[in-house]
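Please treat every number below as a calculation from the coordinates, not as lab data. Here the structure is a predicted model, which means the values were calculated and not measured.
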Amino acid sequence: MIRDYQALQRTWFEKGKQRVIRTTGKHRGVKLLSTVDYCKGNIVWHEDEEYTAETFLNFLNKVLDVYPSGNITMVLDNARIHHAKMLETFLSKNKRLTFVFLPPYSPQLNIVEGLWKWLKGDVINNVFYHTVAEIRNNVRSFMESVMKEPQVIIDRLCVRMESDKIVEHL
């Protein structure tokens with residue numbers, strides 16, 4: 001969730017004159033779902049008004065449309081929507097889609113968390129938005145921009161093999 005109450009992140013300001021970021025004081029925001037293709041650096045993302053099992057199901061259909069053939073393994077956290085009963089029928093009909101669940105409290109193992117950190121750093125932190133529509137527009141611009149350079153996505157977010165060693169890029 002990209003919220004409309006902003007956060008101060010690392011920034012420069014004149015000594016004694018700390019930067020102040022206004023806020024609306026409301027808890028509105030943009031709810032995002034996304035995948036990062038570990039091998040190709042492709043991103044599939046979806047924005048919705050809420051996080052529900054139905055929203056997740058719509059997102060899964062979008063992923064299947066983008067990848068019309070082959071097996072798909074999705075690495076997920078343990079959010080309730082990822083375990084919803086309504087997914088059982090869907091998964092039984094879509095055998096090429098497999099879920100692997102991360103251990104609880106291990107966001108560092110989820111590549112998508114790196115994407116969210118990147119997004120917040122470039123779009124959200126140290127900025128005041130008057131409306132959620134402004135946030136949506138900037139999120140969309142960010143996603144469209146990074147998706148043009150899959151190799152940058154791989155270099156920034158993914159682990160690659162190098163001389164039989166795993167090298168993590170941050």
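In summary, the lysines within cross-link reach of LYS40, defined as a Cα separation below 25 angstrom excluding same-chain residues under 8 places away, comprise LYS31, LYS62, LYS95, LYS117, LYS120, LYS148, LYS165. Here the Karplus relation 6.51 cos²θ - 1.76 cosθ + 1.60, evaluated at θ = phi - 60°, turns the backbone of segment 54-62 into coupling constants of 5, 4, 5, 4, 4, 5, 4, 4, 5 Hz, with x for every Gly and Pro. For segment 62-137, the percent of C-alpha pairs falling in each 10 Å distance bin, counted from 0 to the bin holding the largest distance, reads 15, 33, 32, 18, 2.
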